[in-house]
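K.L.:
Pasting a structure here, questions to come.
Each value in this text was obtained by applying a stated rule to the coordinates, not by laboratory testing. Remember, it's a predicted structure, so these values are computed and weren't measured experimentally. Reconstructed Cβ throughout: ideal geometry from the backbone, glycine too, with neighbour counts over all protein chains shown.
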Amino acid sequence: GQNIDQPTEMTATEGAIVQINCTYQTSGFNGLFWYQQHAGEAPTFLSYNVLDGLEEKGRFSSFLSRSKGYSYLLLKELQMKDSASYLCAVSRNTDKLIFGTGTRLQVFP
Amino acid sequence: DVKVTQSSRYLVKRTGEKVFLECVQDMDHENMFWYRQDPGLGLRLIYFSYDVKMKEKGDIPEGYSVSREKKERFSLILESASTNQTSMYLCASSSQGRGSDDEQFFGPGTRLTVL
């Protein structure tokens with residue numbers, strides 16, 4: 001079967017760095033997506049990792065280890081607007097994405 | 001600019017009613033998806049479609065059907081709504097052929113309440 005785990009909630013302070021972890025167990029793994037979803041809004045794409053390693057995109061970075069079934073999203077210089085849910089999703093060769101339950105991040109001043 | 005629209009943001013229906021949720025994308029995408037999102041369960045795939053008149057079951061298709069008569073439009077149908085179908089419904093689309101490697105673009109969602 002498949003399983004994706006990420007923490008339910010996290011809190012952090014404005015200006016800080018936060019790391020949101022995602023572990024997965026699945027067959028036919030292609031890559032891993034991160035999406036951001038503000039309350040009451042649609043998810044929006046943040047990153048897609050296929051190869052091992054860290055990919056940086058401005059304040060956000062995403063890391064993947066295929067051998068460990070592990071990814072993280074790193075958010076630097078946190079801003080209040082980063083308060084949102086962060087969804088980890090596994091791409092498989094069977095055409096369907098499998099989403100984790102999401103991590104709700106609250107940023108405090 | 002990429003755009004996925006859904007016919008309603010909020011919908012209230014009664015048990016047993018037939019419900020249509022419409023989704024339209026203007027990006028000429030081949031792939032379209034219907035998900036439901038529930039607290040603690042995340043996004044779960046109901047149905048998806050790779051092309052006009054093509055449809056495939058997702059992980060939770062029971063109680064739902066879909067229609068894709070035109071490339072830009074993907075409809076989700078609840079033949080006889082039940083209270084356990086109260087949820088947020090999200091439509092998404094992606095480009096290219098079969099495969100889940102492409103970024104999915106989501107609509108704003110329809111919050112359906114079944115009384």
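K.L.:
Taking the range A:32-83 as the region of interest, how many residues are on the phi > 0 side of the Ramachandran plot and assigned to a strand (DSSP E or B)?
P.N.:
1
K.L.:
Is it the case that the range A:80-96 has a residue that's closer than 24 Å to B:Gln6 by Cβ, charged (D, E, K, R) and within 14 Å of chain B (Cβ to nearest Cβ)?
P.N.:
Yes, that holds for at least one residue.
One line per residue, one yes/no per condition, for (1) hydrophobic (A, V, I, L, M, F, W, C); (2) buried (at least 16 other Cβ atoms within 10 Å of the Cβ):
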site	(1), (2)
B:Lys3	no, no
B:Thr15	no, no
B:Gln25	no, yes
B:Lys55	no, yes
B:Ser67	no, yes
B:Ala81	yes, yes
B:Ser87	no, yes
B:Cys91	yes, yes
B:Gly109	no, yes
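K.L.:
State the number of residues belonging to the range A:35-75 that are hydroxyl-bearing (Ser, Thr, Tyr), within 11 Å of chain B (Cβ to nearest Cβ) and over 10 Å from the mean Cα position of the chain (by Cα).
P.N.:
1
Yes or no, residue by residue, for (1) charged (D, E, K, R); (2) surrounded by 17 or more Cβ atoms within 10 Å (Cβ to Cβ); (3) touching a strand residue (DSSP E or B) at 6+ places or on another chain (Cβ under 8 Å):
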| position | (1), (2), (3) |
| --- | --- |
| A:Glu9 | yes, no, yes |
| A:Gly15 | no, no, no |
| A:Gln25 | no, no, yes |
| A:Asn30 | no, yes, yes |
| A:Gly40 | no, no, no |
| A:Pro43 | no, yes, yes |
| A:Leu46 | no, yes, yes |
| A:Leu51 | no, no, yes |
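Residues checked against (1) more than 11 Å from every other protein chain (Cβ to nearest Cβ); (2) over 13 Å from the mean Cα position of the chain (by Cα):
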site: B:Leu11; (1), (2): yes, yes
site: B:Glu30; (1), (2): yes, yes
site: B:Phe33; (1), (2): no, no
site: B:Asp51; (1), (2): yes, yes
site: B:Met54; (1), (2): yes, yes
site: B:Pro61; (1), (2): yes, no
site: B:Leu76; (1), (2): yes, no
site: B:Ser80; (1), (2): yes, yes
site: B:Phe105; (1), (2): no, no
